[in-house]
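Comments concern the structure below.
The values are calculated or read from the model by the stated rules, or taken from the named source; none is laboratory data. Computed from a prediction, not measured in an experiment: that's the story for all the values here. Positions of Cβ are generated from backbone atoms using ideal geometry, with glycine treated the same way; all protein chains shown enter the neighbour counts. Side chains are part of the model used for accessible areas, which takes the heavy atoms of the whole protein and leaves out ligands, DNA and RNA. Shrake-Rupley method; radii C 1.70, N 1.55, O 1.52, S 1.80 Å.
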Amino acid sequence: MKKLLTSAAALAIAATMAPAAFAADYTIGISNTVQGNGWREQMICAMRAQALVEEDVSNLIVAHRNTDSAGQLEDLNNLIEAGVDAIVLNPSNPDALNSALEMAMEKGIVVVAVDAGVSAEGAYILSNNQEEYAYLGAKWLFEQVGGKGDIVYMRGIAGVSADSDRDNGFKRALAEYPGINVVHEVFTGWQQDQGKQQMFDYLATGIPFDGVWTSGIDNVIVDAFVESGAPLVPIVGADNAGFVQYLSEVDGLTGAAVTNPGSVGGAGVALAVDILNGKAPSEKTVLVDPVLWENASDEGRATITAAQNPNLDPEWPVSVTVPGWTDYTMDQIIACEGPGDS
């Protein structure tokens, strides 16, 4: 009996000593340049939540502030100096950060860009398909107004690759509908207050138009119409909780939400861990394809009703996970806690 016990104990010890039984001790660095935007806040919370459930991640260093490319370069250099194992960033510009990203990769640091691409060779990109996002919404809008009319085009931040990709998608749809005219084009900075004021200002001109395409600043655009007493026109936005709710509740509103989950941030953390563990994907770019939900059909209205989530901030996308990538629960992303936060 003693021999049996000894053998069993030896097997148990051997099992605990096997490499697979030990979690790694990774530190992940996060860099983001827009605060106060619901999409970006969900992105950060998804990063925290995914890091929390990744057994190989012990620490998260988050640089999350309103800044430009120069400021993001400073943040990236600080993360490199801190000795992180991977950097997951939402880049302010596809090219301006290359000096820091190349230095990071030379030091063996994994680099994953989320939401938008970077041109630094060797970096991975995990993003919503931004061109398709814009194309789906614009095509639906142009068809909704009968293939001709005047459209207000409300973009994001000039120079950011996500905005440039969306512009390509919008213009691809525009080329298919020669009867559509962009009567007004503005950059919202992906800021709710700014976008709402821009719509107020344009409505005050009295110039008629037939529809609005927004780059994810959407529920406040509806608010501007309602508060100013202007007749509603078809509006395209993202799957933000407030806008999805409006598509069900605001009388006279015809609109469509295109999915654009901020949870790609969490997916980016999962990808970084996979790469660190020797499980890199065969392609450097991974795209998440969007879908469109509209309230102009019974089927579309049913989809929108099912997608609503009153527990979320109105500016958060209702798509809180990326299937196949993120593992956290709804409670964990809402709690917005990472390793060591609780």
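Based on what the data block shows, is residue 173 open to solvent by less than 10 Å² (accessible area, probe 1.4 Å), under 23 Å from the mean Cα position of the chain (by Cα) and more than 16 Å from residue 287 (Cα to Cα)? Working first, answer last.
Numbers: open to solvent by less than 10 Å² (accessible area, probe 1.4 Å): yes; under 23 Å from the mean Cα position of the chain (by Cα): yes; more than 16 Å from residue 287 (Cα to Cα): yes.
Taking the combined requirement at face value, the residue satisfies it.
Quick one: which of 156, 117 is under 15 Å from the mean Cα position of the chain (by Cα), farther than 19 Å from residue 212 by Cβ and touching a residue at least 60 places away in the same chain (Cβ under 8 Å)?
Numbers: 156 fails: farther than 19 Å from residue 212 by Cβ.
Step by step, each of 156, 117 is checked, and only 117 is under 15 Å from the mean Cα position of the chain (by Cα), farther than 19 Å from residue 212 by Cβ and touching a residue at least 60 places away in the same chain (Cβ under 8 Å).
If you scan region 291-315, which residues turn out to be open to solvent by less than 30 Å² (accessible area, probe 1.4 Å), part of a loop (DSSP other than H, G, I, E, B) and modelled with pLDDT of 95 or more?
Once the filter is applied, which keeps residues that are open to solvent by less than 30 Å² (accessible area, probe 1.4 Å), part of a loop (DSSP other than H, G, I, E, B) and modelled with pLDDT of 95 or more, region 291-315 yields only 295.
Residues that are open to solvent by 70 Å² or more (accessible area, probe 1.4 Å), more than 24 Å from residue 53 (Cβ to Cβ) and of a type outside the set (S, T, N, Q): does region 254-275 have at least one? Step through it out loud before you land on a result.
Filtering region 254-275 down to residues open to solvent by 70 Å² or more (accessible area, probe 1.4 Å) leaves none.
No.
Are any of the residues in region 39-52 farther than 22 Å from residue 287 by Cα, out of contact with any Lys or Arg (no Cβ under 7 Å at 6 or more places or on another chain) and surrounded by fewer than 20 Cβ atoms within 10 Å (Cβ to Cβ)?
Pass one, region 39-52, residues farther than 22 Å from residue 287 by Cα: 52.
If we keep only those that are out of contact with any Lys or Arg (no Cβ under 7 Å at 6 or more places or on another chain) too, we end up with 52.
Checking which are surrounded by fewer than 20 Cβ atoms within 10 Å (Cβ to Cβ) leaves us with none.
No, every residue in region 39-52 fails to be farther than 22 Å from residue 287 by Cα, out of contact with any Lys or Arg (no Cβ under 7 Å at 6 or more places or on another chain) and surrounded by fewer than 20 Cβ atoms within 10 Å (Cβ to Cβ).
Out of everything in region 180-236 that is open to solvent by less than 40 Å² (accessible area, probe 1.4 Å), among the small types (Gly, Ala, Ser) and over 21 Å from the mean Cα position of the chain (by Cα), what residue ends up being nearest to residue 316 (Cα to Cα)?
224
State the number of residues belonging to region 136-152 that are within 18 Å of residue 184 (Cα to Cα) and crowded, with 21+ Cβ neighbours inside 10 Å.
Residues that pass the stated criteria total 6.
Scan region 276-290 residue by residue and report those that are open to solvent by less than 40 Å² (accessible area, probe 1.4 Å) and either free of Cβ contacts under 8 Å to residues at least 12 places away in the same chain or outside any loop (DSSP other than H, G, I, E, B) (or both).
286, 288 - these are the residues of region 276-290 that are open to solvent by less than 40 Å² (accessible area, probe 1.4 Å) and either free of Cβ contacts under 8 Å to residues at least 12 places away in the same chain or outside any loop (DSSP other than H, G, I, E, B) (or both).
If I go through region 85-141 residue by residue, how many of them are closer than 23 Å to residue 45 by Cβ, part of a helix (DSSP H, G or I) and touching a Gly at 6+ places or on another chain (Cβ under 6 Å)?
So the count comes out to 0.
So which residues in region 181-194 are over 12 Å from residue 153 (Cβ atoms) and not hydrophobic (A, V, I, L, M, F, W, C), if there are any at all? Talk me through it step by step, then tell me what you get.
Here is the first cut: in region 181-194, the ones over 12 Å from residue 153 (Cβ atoms) are 189-194.
Those that are over 12 Å from residue 153 (Cβ atoms) and not hydrophobic (A, V, I, L, M, F, W, C): 189, 191, 192, 193, 194.
Based on this model, can you work out whether residue 99 counts as among the hydroxyl-bearing types (Ser, Thr, Tyr), exposed (fewer than 14 other Cβ atoms within 10 Å of the Cβ) and modelled with pLDDT of 95 or more? Write out each step before concluding.
Working: among the hydroxyl-bearing types (Ser, Thr, Tyr): yes; exposed (fewer than 14 other Cβ atoms within 10 Å of the Cβ): yes; modelled with pLDDT of 95 or more: yes.
In short, yes.
Can you pull out the residues in region 228-259 that are polar (S, T, N, Q) and either in a helix (DSSP H, G or I) or more than 17 Å from residue 300 (Cβ to Cβ) (or both)?
So the first thing to find is which residues in region 228-259 are polar (S, T, N, Q), and the list is 228, 240, 245, 248, 254, 259.
Scanning region 228-259 gives 228, 245, 248.
Can you tell which of 108, 71, 117 is over 25 Å from residue 336 (Cβ atoms) and open to solvent by less than 30 Å² (accessible area, probe 1.4 Å)? Step through it out loud before you land on a result.
Working: 108 fails: open to solvent by less than 30 Å² (accessible area, probe 1.4 Å); 71 fails: over 25 Å from residue 336 (Cβ atoms).
Among 108, 71, 117, only 117 is over 25 Å from residue 336 (Cβ atoms) and open to solvent by less than 30 Å² (accessible area, probe 1.4 Å).
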